[in-house]
1. Assess whether Tyr147 counts as being over 23 Å from the mean Cα position of the chain (by Cα), aromatic (Phe, Trp, Tyr), surrounded by 16 or more Cβ atoms within 10 Å (Cβ to Cβ) and in a strand (DSSP E or B).
2. Evaluate region 173-185: report whether one residue or more is among the small types (Gly, Ala, Ser) and at pLDDT below 90.
3. I need the full set of residues from region 99-134 which are of a type in the set (A, V, I, L, M, F, W, C) and not in a strand (DSSP E or B), in order please.
4. Which residue out of Gly80, Gly58, Gly109 is modelled with pLDDT of 65 or more and either touching a Cys at 6+ places or on another chain (Cβ under 9 Å) or within 30 Å of His157 (Cα to Cα) (or both)?
Amino acid sequence: MHIAPHIVGSKARMRRLAGALACGALLLAAAAGLAGEGIWKWTDAAGVVHYADTPVPGAKRVDLNIQTYSPPAASTSGTGASPPPPAGSYYKSVEIWKPAPEENVVNAGGQVSVRIRVEPQLRRDDTLTLYLDGIRVDGFPENSQDYELPNIARGSHTLVATITGNNGQRLMDSSTVTFYVRQTSVAQPPVGPTLKPSQGRPRKAA
């Protein structure tokens, strides 16, 4: 049977390619153990590249530079945990401890008690503010750590307390506390902002 020369040449090239790929795979597998030593590389008469950890006549040394990566340590803070204070911060923590995270406030007529703890004590020139669902609470007495939120609608809500310096710089935020208002009786349900009748679509700002 006659085989065309170009087919024979193609098969030879494929054999050389397969040999190179096999050697490359061997090189990668052994790289970790040889990172501090080095390996030797040479090409035989058929054009096949070889690698070994011992020198042979005509071989060239190949130094390996293995780079390693260490992932950052995973955060240990969980739901309700206070975030770490900024470097050099006077305050160690600011915490909303009432309502508790994921607390259900049931049959309170839309009123929710808020209690905040600051450590150490709030400085005279700093300001403590409260945010409900991302909006600053109007009527919240600055620097008060006890407050009664009125007319809170049924459903899920979030609270965040923030300490601000006298220069307007935000010094520390509490962890976000999510709580839920429940009303099992329909006799006198709360009429929080989201339950008020619509007053028409607000006009767009000029």
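The values are calculated or read from the model by the stated rules, or taken from the named source; none is laboratory data. It should be emphasised that the depicted structure is a prediction, and the values quoted were computed from it without experimental measurement. As a convention, Cβ positions derive from the backbone with ideal geometry for all residues, glycine included, and neighbour counts pool all protein chains shown.
1. Details: over 23 Å from the mean Cα position of the chain (by Cα): yes; aromatic (Phe, Trp, Tyr): yes; surrounded by 16 or more Cβ atoms within 10 Å (Cβ to Cβ): yes; in a strand (DSSP E or B): yes.
It is true that Tyr147 is over 23 Å from the mean Cα position of the chain (by Cα), aromatic (Phe, Trp, Tyr), surrounded by 16 or more Cβ atoms within 10 Å (Cβ to Cβ) and in a strand (DSSP E or B).
2. Of all residues in region 173-185, those among the small types (Gly, Ala, Ser) come to 174-175, 185.
Now drop any that are not at pLDDT below 90, which leaves 185.
There is at least one residue in region 173-185 that is among the small types (Gly, Ala, Ser) and at pLDDT below 90.
3. So in region 99-134, the residues of a type in the set (A, V, I, L, M, F, W, C) come out as 100, 105-106, 108, 112, 114, 116, 118, 122, 128, 130, 132.
Of everything in region 99-134, those that are of a type in the set (A, V, I, L, M, F, W, C) and not in a strand (DSSP E or B) turn out to be Ala100, Ala108, Leu122.
4. On the way: Gly80 fails: modelled with pLDDT of 65 or more; Gly58 fails: either touching a Cys at 6+ places or on another chain (Cβ under 9 Å) or within 30 Å of His157 (Cα to Cα) (or both).
Result: Gly109 is the single residue among Gly80, Gly58, Gly109 that is modelled with pLDDT of 65 or more and either touching a Cys at 6+ places or on another chain (Cβ under 9 Å) or within 30 Å of His157 (Cα to Cα) (or both).
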